[in-house]
Amino acid sequence: MRIGLLNGGGDCPGLNAVTHGVVGAATKLGWEVLGFKEGFEGLLPPGNFKLLKLEKTEGILKLGGTILGTTNRGHFSSKVGAGGIRSIPSELMEDAMTTLKEEGVDALICVGGDGTLTTALQFQKEGFPIVGVPKTIDNDLGATAMTFGFDSATQVVVDALDRLHTTAESHQRIMILEVMGRHAGWIALYGGMGGGASAILIPEVPFHYEKIAEALMRREEAGFRSSLVVVAEGASPAGEGKMYEEAGTEGESRLGGIGEAVTSRLGELTGKETRCTTLGHLQRGGSPTSLDRILGTRFGVKAVKLIEEKRFGRMVSYQQYHVGSVPIEDAVRKLNLVDPQGEIVEAAKSVGICFGDA
Ligand code: F6P
């Protein structure tokens with residue numbers, strides 16, 4: 001038995017932990033693992049891959065990034081513009097299938113988010129056995145309570161807020177932190193709650209600048225001279241669209257700029273000194289947290305198990321502390337969004353965090 005493994009989409013802490021889990025479990029069964037490089041691109045003839053032996057994956061568990069490389073652009077991108085989906089052209093599919101056949105690959109594990117799993121589903125529908133593993137720091141994939149990488153990204157946000165707190169206090173300023181989160185505000189919500197933010201702005205809750213300014217001024221009146229505000233890159237004021245740094249033609253356009261917009265508007269409305277920090281790719285870098293190392297390993301082991309049981313077209317899923325699986329179809333294009341009326345937002349509001357809505 002010979003299985004393939006590839007990563008797709010942006011890099012994410014814990015990807016190497018998945019590889020570690022896959023190689024460990026497959027080796028135990030006497031199987032070989034071919035790691036394809038840079039996502040589906042590695043399937044293009046003549047094939048770009050390496051044989052992943054146990055000794056080759058020794059020590060990768062704790063490493064950030066991915067030893068296989070990845071891409072969120074390229075020939076196999078199923079995302080076009082914001083929200084658009086395309087089918088992969090049949091010539092490309094045939095080319096990829098030829099490589100898989102020539103290398104004697106019996107099944108393929110695809111690790112990625114919505115875009116990667118949409119492409120993976122096309123392979124499955126065209127007859128190649130696929131197993132999916134959910135990956136995204138944004139934690140916005142449906143049918144799984146959590147993806148690996150989210151905890152590591154959240155920890156970076158908490159660390160950044162702890163540091164920004166120093167200047168906020170010393171200079172009596174409002175410090176704004178822009179974090180990742182295109183469609184879902186999980187990183188902003190968890191990072192902001194863990195790092196003691198006074199306001200958290202997320203894509204799911206359109207905000208009003210005046211409401212945030214009022215909340216920050218109330219803090220001032222109560223004797224708190226500084227505040228931290230976390231803004232997800234996909235958040236937007238009520239009645240306005242998301243802010244883009246660059247309009248892309250393929251894949252999803254790059255978001256950016258909302259942190260600066262919030263900073264200048266809150267400065268005007270409160271009369272206080274405001275400063276913006278954009279955390280960017282620091283959130284995807286560095287070593288995974290212990291939670292993400294363990295989750296990634298368990299996901300990799302489960303993916304091999306699904307192949308052993310011939311349960312193809314399924315995605316590994318994490319629900320109620322248990323690693324199970326769901327049909328890939330149940331996960332793609334179904335976003336896991338923050339519930340604005342849910343318990344977590346309610347808890348945040350109960351401790352005085354403003355979301356800019358009411
Ligand atoms: O989907 C994960 C993500 O980190 C988004 O939050 C962000 O908008 C995007 O990737 C950035 O991608 P890139 O690395 O192409 O700038």
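Points worth noting:
- Counting only the Cα atoms, the chain fills a convex hull of 122 Å³ per residue.
- Distance between the 7 Å Cα→Cβ label points at E55 and D106: 2.5 nm.
- Folded to 0 to 90 degrees: helix 15-28 orientation relative to the chain principal axis, Cα: 30 degrees
- Using the Cβ-Cβ distance between R275 and S350 with R0 = 22 Å, the FRET efficiency computed as 1/(1 + (r/R0)^6) comes to roughly 0.20.
- Members of K79/K125; K125/K242; K28/K101; K125/K302 lying beyond 26 Å, as alpha-carbon distances in this model show: K125/K242
- Cβ-derived FRET efficiency at R0 30 Å, K211 paired with R86, nearest 0.05: 0.15
- Cβ-placed point charges (K, R +1; D, E -1), dipole of region 280-350 about Cα centre in debye, nearest 20: 300 debye
- Most mobile listed residue (S87, S77, S325) in the chain, GNM with C-alpha springs under 10 Å: S87
- Extents of region 152-295, taken as max minus min of Cα coordinates on every principal axis and listed largest first, are 44, 36, 21 Å.
Read-outs: derived from the displayed coordinates by stated rules, not from any lab. All values derive from a computational prediction rather than experimental measurement. Glycine gets a Cβ as well: all are built from the backbone with ideal geometry, and neighbour counts include every protein chain shown.
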